[in-house]
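Asks: Could you have a look at this structure, given as C-alpha cells, before my questions?
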Amino acid sequence: MCGIIGYTGHREATPILLEGLRRLEYRGYDSAGLATLSGNTLHVRKKAGRLSELIRLVAEKPVSGKHGISHTRWATHGAATDYNAHPHIGGNNLVAVVHNGVIENYAHLKTQLESEGFVFRSQTDTEVIAHLIAYYYEGDLLEAVRKALPRLKGTYGLAVISPRHPGLLIGARFGSPLVVGLGEQEMFLASDPSALVGYTQRAVYLNDGQICVLTPERWEIFDRDSTPVEASIHALDWQPEDVELNGFDHYMLKEIYEQPEALENAMRGRLDETDSTAHFGGLNLSPRRLRQVDRIILTGCGTSYHAGLVGEYLFEELSRIPVEVEYASEFRYRNAPIEQNTILIAITQSGETADTLAAVREAKRKGIPTLSICNVVGSTIAREADGGVYLRAGPEIGVASTKAFTSQVLVLTLLALYFGRMRHLSATQGARIIEELRRLPDLARQTLACHEVVRNIAAKYYHVHNFLYLGRQYLYPVALEGALKMKEISYIHAEGYPAAEMKHGPIALVDENTPSVFLVPRGSVFDKVISNMEEIRARGGPILAITTPGCKEAVCRADDVIFIPEAPEYLQPILAVIPLQLLAYHVALLRGCDVDKPRNLAKSVTVE
Ligand code: AGP
C-alpha cells in the first residue's frame with residue numbers, strides 16, 4: 001500500500017513530486033524516493049524513514065527536471081532501507097520505476113533476469129519490473145512496458161520514465177489504484193485523487209489492465225490489447241483545505257471534529273419528508289428488485305467491518321431483513337451458499353481495500369447484486385459495484401478511521417430506513433426517524449464537548465498495558481471499534497466484548513491495572529450492563545463509563561465518567577464512539593505515538 005506520483009509538464013517536477021508524497025504519506029511511510037529527468041539525465045534520490053528524510057536529502061543534493069516520478073513505501077518485500085526504497089532502475093540506467101502492489105512471481109523472474117546478466121541492487125519485487133522493461137526495450141518504451149506486464153503475476157500500480165524519452169510518463173494498473181490528473185500543458189499521475197487537489201479538478205481513473213501514456217501535451221489510455229480507450233473524465237470536488245490540517249495538530253483530531261458536518265453531508269438531499277423515507281440517487285437497482293431482497297450480506301475490513309456490525313442491528317430492527325456480517329477477507333474464500341434474493345453491501349472508506357474488492361467480485365461472480373458504501377468518488381469498489389452510496393465525508397487522511405465510521409453507520413441507517421419503508425415501517429415511524437436523524441449533527445457537536453474530560457482521563461490511564469471495552473446490542477460493535485482505535489494508534493493491547501460475555505472467560509484479565517470502558521447510556525439493556533459493571537467492580541477493575549446524564553446507577557459504579565447526550569438507541573453508536581476516538585487519540589499522544597501514521601499500518605490496504 002504505497003503512494004506513487006508522476007509528473008510531466010512545464011513546471012519543476014520536484015516540488016510537485018514531494019508535495020504529492022506528503023499528501024499520500026498515509027498510504028505508507030517507511031521510506032521514500034524520487035527520480036527526475038532533465039534532458040537525458042536521470043536523477044535519483046531515495047531514503048529510508050519518513051518523507052522528511054527524503055526532503056532533507058533533496059535539499060542537500062538538489063535535482064532538476066520538469067518530468068519525474070516519486071514513491072512513499074509500505075514494505076512488502078525487503079526491509080525499509082535506502083536500497084529498497086523506490087524508484088528502482090532497470091538495465092543500465094534505462095528505466096526508472098515506482099510500484100504499488102505485490103509481484104508474486106518475482107523470484108522466478110529474478111532468476112531468469114540474473115541469468116540474462118541483470119544485476120539486482122535490492123531485495124524488492126519491484127526491481128524485477130524495472131529490469132524486465134529494460135530486457136524488452138528496443139527503442140519504444142511503451143512497447144517494452146506492454147511486453148513486460150503480461151509476465152507479471154500479482155498486483156501493480158506503476159509509473160515508468162526513461163532518459164531515452166524525456167517528457168514521456170507511462171502508467172499501468174492491475175489491482176492497485178491509479179488516477180491521471182489532466183492539466184494545462186502538464187499531466188499528473190497518482191495512487192489516489194487527494195494528491196491532485198489544488199493542481200487539477202479533472203481526473204481519469206484507470207481500470208485493471210489499462211496503460212496510460214502521458215506527455216505535457218497529450219494523454220492516452222490503452223487497454224491490455226493496446227486498443228485505445230475512450231476514458232471518462234471525473235470532476236474532483238475536493239478543495240485544498242480539505243487535505244490540510246487547518247490548525248489542528250493531527251488529521252485524526254481534525255477528522256473527529258469534522259464528524260457533525262460529515263453527518264450533515266451524508267444526509268443532505270437523502271431525507272425524503274414527503275414519503276418519510278430515505279432517497280438515494282445511485283443504487284441502480286429498481287425498488288421492485290430491492291423489495292425482493294430477503295437477505296443482506298454486509299462486508300468490509302477493520303473499522304468498516306465494525307460499521308457493518310452496527311448495520312446488522314439497524315437492518316434487522318428497521319427493515320426486518322436478516323443480515324450476515326462478513327469479514328471480506330474470509331467471505332472471498334468461504335464459498336458460502338447464497339440464495340437468489342440476497343444482496344451484498346460492501347463498506348469501505350477508501351474503495352480500494354483488496355479483500356473488500358475481491359468480496360464484491362466474488363458476489364458478482366455468483367450473480368448477486370452488489371452495493372458499495374464508499375467515501376472516495378471514482379474508487380475501484382465504487383465503480384465495480386452495481387450501485388452505491390457515497391459518504392461525502394471529504395478526504396480521510398488519518399490512518400485511524402473516525403468520520404468514515406460515523407458516516408458509514410449513518411448511511412446504513414438511511415438504507416435500513418429505505419428498505420424498512422418498503423416493508424413494514426409506517427410513514428409515521430419513518431417521519432419520526434427522519435426527525436431524530438435531523439437532530440444528530442447537533443448531538444454530535446454536543447458530544448465533542450467531552451474533549452477536556454477525555455483528555456484528563458487519558459492522562460490517568462495512558463501507562464496501562466491492557467484495556468477492555470464492553471457494550472451490548474448496538475454498542476457491542478462500538479466496543480470493538482473503541483478497542484481497535486486504541487490498539488492501532490497507542491499500541492496498547494485492547495479487546496472489545498459483548499459485556500455479558502466477560503464471565504465466560506475474559507473476566508480473568510481483570511485486575512487493578514486493566515481499565516474496563518463500559519458503554520452504558522440509558523437504553524433497553526441498561527440494567528443488564530449495570531450488572532456487568534458490578535462483576536468488574538467486584539474484582540477491583542477500574543471502570544470508565546460512557547453514559548447519559550442522569551444515569552446515577554452507572555455514575556456511582558464508575559471511577560471515571562464521560563457523558564454523551566441522550567439519543568434513540570439505534571443512533572447511540574454514532575455518539576458513543578466519539579469519546580472512544582478521543583480517548584485513543586490522547587492516550588497515543590501521551591505515549592509519544594505518531595497518531596496520524598501509526599507503526600506498521602497504512603490507510604488503504606490494497607494488497608491481500
Ligand atoms: C481503521 O482505522 C483502519 N484504518 C482499518 O482497519 C480500515 O478500516 C480497513 O483497512 C478498511 O479500510 P476501508 O474502509 O478503506 O476499506
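The values are calculated or read from the model by the stated rules, or taken from the named source; none is laboratory data. Since the structure is predicted, the reported quantities are computational estimates derived from the model, not experimental observations. Positions of Cβ are generated from backbone atoms using ideal geometry, with glycine treated the same way; all protein chains shown enter the neighbour counts.
Asks: Within the range 553-608, restricting attention to residues that are of a type in the set (Val, Ile, Thr), within 16 Å of the ligand (Cβ to nearest atom) and part of a loop (DSSP other than H, G, I, E, B), which residue is surrounded by the most Cβ atoms within 10 Å (Cβ to Cβ)?
Replies: THR606
Asks: Just one of ILE546, ILE536, ILE530, ILE507 is in a strand (DSSP E or B) and either away from the ligand (no atom under 16 Å from the Cβ) or not aromatic (Phe, Trp, Tyr) (or both); which is it?
Replies: ILE546
Per-residue answers, yes or no, for (1) modelled with pLDDT under 95; (2) touching a Ser or Thr at 6+ places or on another chain (Cβ under 9 Å):
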position	(1), (2)
LYS47	no, yes
GLU60	no, no
GLY68	no, yes
ARG73	yes, yes
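Asks: Hey, among the residues in the range 510-527 that are not charged (D, E, K, R) and not in a loop (DSSP other than H, G, I, E, B), which one's surrounded by the fewest Cβ atoms within 10 Å (Cβ to Cβ)? It would help to see each step written out before you state the result.
Replies: Just the residues of the range 510-527 that are not charged (D, E, K, R), to begin with: 510, 513-521, 523-526.
Next, from what is left, pick out any that are not in a loop (DSSP other than H, G, I, E, B): 516-519, 526.
On the way: SER516: 29, VAL517: 29, PHE518: 27, LEU519: 29, PHE526: 17.
Among those residues, the one meeting the criterion is PHE526.
Asks: Tell me, yes or no, whether the range 306-319 has at least one residue that is at pLDDT below 95 and either crowded, with 16+ Cβ neighbours inside 10 Å or of a type in the set (S, T, N, Q) (or both). Steps first, please.
Replies: At the first step, the residues of the range 306-319 found to be at pLDDT below 95 are none.
Checking the range 306-319: not a single residue is at pLDDT below 95 and either crowded, with 16+ Cβ neighbours inside 10 Å or of a type in the set (S, T, N, Q) (or both).
Asks: So for the range 53-73 (the condition being of a type in the set (S, T, N, Q) and crowded, with 19+ Cβ neighbours inside 10 Å), does at least one residue qualify? I'd like the intermediate steps shown before the answer.
Replies: Of the residues in the range 53-73, the ones of a type in the set (S, T, N, Q) are 64, 70, 72.
Okay, now just the ones that are also crowded, with 19+ Cβ neighbours inside 10 Å, so 70, 72.
Yes, the conditions are met somewhere in the range 53-73.
Asks: Scan the range 386-440 residue by residue and report those that are under 17 Å from LEU314 (Cβ atoms), part of a loop (DSSP other than H, G, I, E, B) and within 16 Å of the ligand (Cβ to nearest atom).
Replies: Residue satisfying the conditions is LEU391 alone.
For (1) among the hydrophobic types (A, V, I, L, M, F, W, C); (2) closer than 24 Å to ASN265 by Cβ, each residue gets a yes or a no:
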{"site": "THR348", "(1), (2)": "no, yes"}
{"site": "ALA358", "(1), (2)": "yes, no"}
{"site": "GLY378", "(1), (2)": "no, yes"}
{"site": "ALA385", "(1), (2)": "yes, yes"}
{"site": "GLY388", "(1), (2)": "no, yes"}
{"site": "GLN408", "(1), (2)": "no, yes"}
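Asks: Please go through (1) of a type outside the set (D, E, K, R); (2) surrounded by fewer than 17 Cβ atoms within 10 Å (Cβ to Cβ); (3) assigned to a helix (DSSP H, G or I) for ILE133 and return the number of the only condition it doesn't satisfy.
Replies: (2)
Asks: Within the range 450-477, how many residues are part of a helix (DSSP H, G or I), among the aliphatic types (A, V, I, L, M) and closer than 28 Å to GLY311 by Cβ? Walk me through it before giving the result.
Replies: Taking the range 450-477 as the starting set, the residues that turn out to be part of a helix (DSSP H, G or I) are 450-461, 473-477.
Within this subset, residues satisfying the condition of being among the aliphatic types (A, V, I, L, M) are 453-454, 457-459, 475.
Remaining after also requiring closer than 28 Å to GLY311 by Cβ: 454, 475.
The qualifying residues number 2.
Asks: A follow-up question, please. Examine the range 21-32 for a residue that is farther than 21 Å from VAL595 by Cβ and crowded, with 21+ Cβ neighbours inside 10 Å, and state whether such a residue exists. Show your work before the answer.
Replies: To start, the set of residues in the range 21-32 that are farther than 21 Å from VAL595 by Cβ comprises none.
Within the range 21-32 (the criterion being farther than 21 Å from VAL595 by Cβ and crowded, with 21+ Cβ neighbours inside 10 Å), the answer is no, since none of the residues qualifies.
Asks: I need the full set of residues from the range 502-559 which are aromatic (Phe, Trp, Tyr) and closer than 25 Å to ILE492 by Cα, in order please.
Replies: PHE518
Asks: Oh, and also: Can you pull out every residue in the range 72-125 that is of a type in the set (Gly, Ala, Ser), more than 26 Å from GLU608 (Cβ to Cβ) and part of a loop (DSSP other than H, G, I, E, B)?
Replies: GLY91, GLY117
Asks: Could you give every pair whose Cβ atoms fall below 7 Å, whose first residue belongs to the range 337-352 and is in contact (Cβ under 8 Å) with a residue 24 or more places away in the chain, and whose second residue is hydroxyl-bearing (Ser, Thr, Tyr) and near the ligand (Cβ under 7 Å from one of its atoms), counting only separations of at least 6 or pairs across chains?
Replies: ALA346/THR356; ILE347/SER304; THR348/SER304; THR348/THR356; GLN349/SER304; GLN349/SER401; SER350/SER604; GLU352/SER604
Asks: Provide a single number: the residues in the range 157-196 that are under 30 Å from LEU113 (Cα atoms) and either buried (at least 24 other Cβ atoms within 10 Å of the Cβ) or more than 22 Å from the chain's Cα centre (by Cα) (or both).
Replies: Taking the range 157-196 and keeping what is under 30 Å from LEU113 (Cα atoms), we get 157-178, 189-191.
Still in the list and also either buried (at least 24 other Cβ atoms within 10 Å of the Cβ) or more than 22 Å from the chain's Cα centre (by Cα) (or both): 157-173, 176-178, 189-191.
Adding up the residues that qualify gives 23.
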